[in-house]
């Protein structure tokens, strides 16, 4: 296995502390991994600028990469190029969000800034119903909106399109 | 030259930090729980944006983002006066939120075309997040505008009051013409201000809110009486032209409201400025 492959595997174990079910790789937050002569460089795309989890993620990524055999030094960078968009979440990541009880974002492609907003329908992650209503475009973290499912009568959260 | 850009970044950050601080004052106190959550999230976003702007500036001025955010004297903050005003009532909170986020959207659109790639990229990212703030503000302004006569009257007054100081957001930055010449800024602040008046007038018209906007003066066609009924302008008119018109913030001239905010905001930092968290 190449060192680069081993780093990607190690990153699969780094989770967003606020969404411990999904790795930073599945969240589409890893822009690139680069290894040159034992020096590893990882570029992270933050989901939200003000996300307090970012500092923790940066630290966790540095430790995970640093512990990979063959890596002598790890450099972690933050980038807004391109801006992280919800379509970067992988199909596996979407399934994991749903299993965690968080409705995944709906965007399938890079969303235009002017079309960012609440989806017309958010599917309940518990029962799959589309008979849901938005209660609040903001939730317990800046990346989540609050919904209520009229079918199974559960409140749930949706990862916002951004 | 990088000092000029750093000063502009710090002024942008100051607007976001101070409005974010005001929004955070609703945490635990908003009129209902959903809004407690919403304003807390919006505050977290704004303070995060401030942190990102301070981080860009920090390498240019050799100070940490925390030193920039909390280690300056009141006269060294360059936020617009509008951002520092107390939340007042719910109507003023919504009116300012709506006006500020409309103004910020126009500013970010212009910053996205900056010749400084790090600023252009950051602005593009922030703009996507700010969309949610605008949607939140629009939802509430529309809800109140179409609601009870009393609420509508309060909103009209609050809009007139906030609008009277909105020019401070479009007060030119220090050395703005040099930043424009370099392409760091792409639209002069007064031009953005004119665009803002145009789009806001159209939006108010769509909402059926009769707030007339004139340069330097704000008048409302309808005002609320003490019973909450609307009174037409031919009977009585409200004309609000406060001295200063919200100007001066970009040059470090602030209201007394700012001094109280600054004292609270920097209290923890001052106990142990070198502390790491």
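The values are calculated or read from the model by the stated rules, or taken from the named source; none is laboratory data. Bear in mind the structure is a predicted one, so any value in this text is a computation, not a measurement. With ideal geometry, Cβ positions are generated from the backbone for all residues, glycine too; neighbour counts draw on all protein chains shown.
Looking across segment B:70-108, the residues that are within 13 Å of residue B:262 (Cβ to Cβ) and without any contact (Cβ under 8 Å) to a residue 60 or more places away in the chain come down to B:72, B:73. Here residue A:35 meets the list (1) part of a loop (DSSP other than H, G, I, E, B); (2) farther than 19 Å from residue A:88 by Cα almost entirely, failing just condition (1). Taking residues in segment B:189-210 that are closer than 19 Å to residue B:176 by Cβ, and partners anywhere that are surrounded by fewer than 15 Cβ atoms within 10 Å (Cβ to Cβ), not one pair has Cβ atoms closer than 7 Å while being at least 6 places apart or on different chains. In this structure, is residue A:46 assigned to a loop (DSSP other than H, G, I, E, B) and closer than 24 Å to residue A:20 by Cβ? Judged against the criteria, residue A:46 is a match.
Taking into account only those residues within segment A:150-160 that are more than 9 Å from chain B (Cβ to nearest Cβ) and under 23 Å from the mean Cα position of the chain (by Cα), which is nearest to residue A:27 (Cα to Cα)? Only one residue tops the list, namely A:159.
Looking only at segment A:121-149, which residues are in a loop (DSSP other than H, G, I, E, B), within 14 Å of chain B (Cβ to nearest Cβ) and surrounded by fewer than 19 Cβ atoms within 10 Å (Cβ to Cβ)?
A:140
Under the condition of being within 12 Å of chain B (Cβ to nearest Cβ), touching a residue at least 24 places away in the same chain (Cβ under 8 Å) and surrounded by 13 or more Cβ atoms within 10 Å (Cβ to Cβ), the residues counted in segment A:100-120 number 5.
Residues that are facing another protein chain (nearest Cβ under 8 Å) and out of contact with any helix residue (DSSP H, G or I) (no Cβ under 9 Å at 6 or more places or on another chain) were ranked within segment B:30-50; the one that is surrounded by the fewest Cβ atoms within 10 Å (Cβ to Cβ) is B:34.
Answer yes or no as to whether residue B:72 is buried (at least 17 other Cβ atoms within 10 Å of the Cβ), more than 16 Å from the chain's Cα centre (by Cα) and away from chain A (no Cβ under 14 Å). When the stated conditions are applied, residue B:72 passes them. Scanning segment A:1-32 for residues that are more than 14 Å from chain B (Cβ to nearest Cβ) and assigned to a strand (DSSP E or B) gives A:15, A:16, A:19, A:20, A:21, A:22, A:23, A:30, A:32.
Looking across B:77, B:53, one residue alone is surrounded by 23 or more Cβ atoms within 10 Å (Cβ to Cβ) and either within 11 Å of chain A (Cβ to nearest Cβ) or within 21 Å of residue B:127 (Cβ to Cβ) (or both). It is B:53. Here residue A:44 clears all of (1) within 14 Å of another protein chain (Cβ to nearest Cβ); (2) modelled with pLDDT under 95 except the condition numbered (2).
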